[in-house]
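Worksheet: one structure, shown below.
Since every read-out is calculated from the coordinates, none of them should be taken as a lab result. Please read all numbers here as calculations on a predicted model, not as lab measurements. We place every Cβ from the backbone using ideal geometry, glycine too, and count neighbours over all the protein chains shown.
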Amino acid sequence: MQPKVNFKSSMKELDIAEVAQRAGVRPSTLRFYEKKGLIQPTGRHGLRRQYHVAVLQKLALIALGRTAGFTLDDIAAMFTAQGEMVIDRVLLSNKASEIDRTIKRLMKVRDGLRHVASCPASDHLDCPEFRKIMAKAQR
């Protein structure tokens, strides 16, 4: 059984401008997330959408997911129709492994750039270390 997180509570509502400001996103992003089914307004006050304050937690989770490299569709699949988050530990573990591989690759690129920046060879193509770096990059 997978753990569920419920974002509903009995706190106040915020209008779209305040949610956007607090979450650090544009109102158009909130409307796009609505279309994707990630968030839902509670209603309207005049022409302005209203959101439950718990949407801020959900937006933080969406931002975290995006930072980790998940697509919005991936993130949407992590929520039930009732807005509860279902944690897929295998998916998260696989993503963490993917990030580890990316980090290792980027560390090699960083090391190569540092070598080239400090290499005293007049022609980098004559440098044995640079040639090794190039060979690794082709793999």
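Could you give each residue of segment 32-45 its phi-based ³J(HN,Hα) in whole Hz, using Karplus coefficients 6.51, -1.76, 1.60 with θ = phi - 60°, and x for Gly or Pro?
5, 4, 4, 4, 7, x, 7, 9, 9, x, 8, x, 9, 10
If each residue of separation counts as 0.36 nm, what is the full-extension length gain between Met107 and Ala60 once their alpha-carbon separation is subtracted?
Gain in length upon complete extension: 14.1 nm.
What's the angle, to the nearest 10 degrees (0 to 90), between helix 55-67's Cα axis and the longest principal axis of the chain?
Taking the Cα atoms of the chain, the angle to 55-67 is about 20 degrees.
In what sequence, highest mean first, do 128-136, 69-77 appear when ranked by Cβ atoms within 10 angstrom?
69-77, 128-136
In debye, nearest 20, what is the charge dipole magnitude of the chain about its Cα centre with +1 on Lys and Arg Cβ and -1 on Asp and Glu Cβ, if you could check?
Dipole size: approximately 80 debye.
Using a simple spin-label model with points 7 Å from Cα along the Cα→Cβ vector, what separation in nm is obtained for Thr29 and Ala121?
4.4 nm
Among all lysine pairs in segment 53-139 that are eight or more places apart or on different chains, how many have alpha carbons less than 26 angstrom apart?
Lysine pair count for segment 53-139: 8.
Can you figure out the FRET efficiency of Glu129 with Ile99, using R₀ = 35 Å and their beta-carbon distance, to the nearest 0.05?
Given R0 = 35 Å and the Cβ-Cβ separation, E is 0.80.
Under 8 Å for C-alpha pairs, at least 6 residues apart: give me the relative contact order for segment 31-139, rounded to a whole percent.
Rounded, it is 14 percent for segment 31-139.
Relative to the longest principal Cα axis of the chain, at what angle does helix 128-138 sit, 0 to 90 degrees, rounded to 10?
40 degrees
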